[in-house]
Amino acid sequence: MATTITGRKFEVTNDIRALITKKLDKILDKLFDDVIEVRVVLQVQKYRNLCEILITGKEQDVKAAQESGESMQDAINLALDHVKRQAQKNRSTIRDHHRKAGSLNKAPGGLVTQWSVQVLEPGKLRQSGPKRLPRIIKTNNLAILPMTIEDAAESLDGSKNEFIVFRDLDTDRISVMYKRRDNNLGLIAPEI
């Protein structure tokens, strides 16, 4: 891995170089697998201190440019924090992408992770005619998240939805919690 630290209208001192390499090494060890090149450009424009970091890797590229009016160290710390957040986000995206490669709605082991639910509006439940068949107004895809019953109750209490579908962490089964008309919560859990 080649690390290049350059300064434009700014002299890169040994202290600045040590600060950058120390913090970058921690980030690279934790969040990157194969790094090809790291470029850091430090620049001063009038009263602004600019730090630009470009990390080129095998699976991901990360670029951050931050500025500070205070000092170059502040700009470097802001840029390193931005690189860290961006790398964590990219890493979780790559990890999730590889997990979903096997199946659209099932996780490894055959667990359901998404459920298509048909939501009907109350005034338009039935079609007019001799049979009065129900009409599908809207279809949503719900993500099924693993959580405890208490977490599901908290999340349903704070939302505008009438129900929540979740995977119970205790039983590892899909359950539905819904708001009742008496302002309590109901739970539908399979007996299987």
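Looking at region 3-22, which of the residues that are within 16 Å of Ile55 (Cα to Cα) and aliphatic (A, V, I, L, M) is farthest from the chain's Cα centre (by Cα)?
Of everything passing the filter in region 3-22, Ile5 is farthest from the chain's Cα centre (by Cα).
For region 56-79, name all the residues that are without any contact (Cβ under 8 Å) to a residue 60 or more places away in the chain and not in a strand (DSSP E or B).
Lys58, Glu59, Gln60, Gly69, Glu70, Ser71, Gln73, Asp74, Ala75, Asn77, Leu78, Ala79
Would you pick out the residues in region 137-177 that are charged (D, E, K, R) and in contact with a strand residue (DSSP E or B) (Cβ under 6 Å, 6 or more places away or on another chain)?
Of everything in region 137-177, those that are charged (D, E, K, R) and in contact with a strand residue (DSSP E or B) (Cβ under 6 Å, 6 or more places away or on another chain) turn out to be Lys138, Glu162, Arg167, Asp168.
Residues are listed down the side, and each one gets a yes or a no for (1) in a helix (DSSP H, G or I); (2) among the charged types (D, E, K, R); (3) surrounded by 12 or more Cβ atoms within 10 Å (Cβ to Cβ):
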| site | (1), (2), (3) |
| --- | --- |
| Glu11 | no, yes, no |
| Thr21 | yes, no, yes |
| Val44 | no, no, yes |
| Leu54 | no, no, yes |
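Name the residue that is farthest from the chain's Cα centre (by Cα), counting only residues in region 23-42 that are touching a residue at least 24 places away in the same chain (Cβ under 8 Å) and loosely packed, with under 12 Cβ neighbours inside 10 Å.
Once the filter is applied, the top-ranked residue is Asp34.
For region 155-168, enumerate the residues that are surrounded by 12 or more Cβ atoms within 10 Å (Cβ to Cβ) and either under 15 Å from Ile188 (Cβ atoms) or more than 21 Å from the chain's Cα centre (by Cα) (or both).
Correct list: Leu156, Asn161, Phe163, Ile164, Val165, Phe166, Arg167, Asp168.
Values quoted throughout were computed directly from the atomic coordinates according to the rules given, and no laboratory measurement underlies them. These figures come from a predicted structure and were not determined experimentally. Note: ideal-geometry Cβ built from the backbone for every residue, glycine included; neighbour counts use all protein chains shown.
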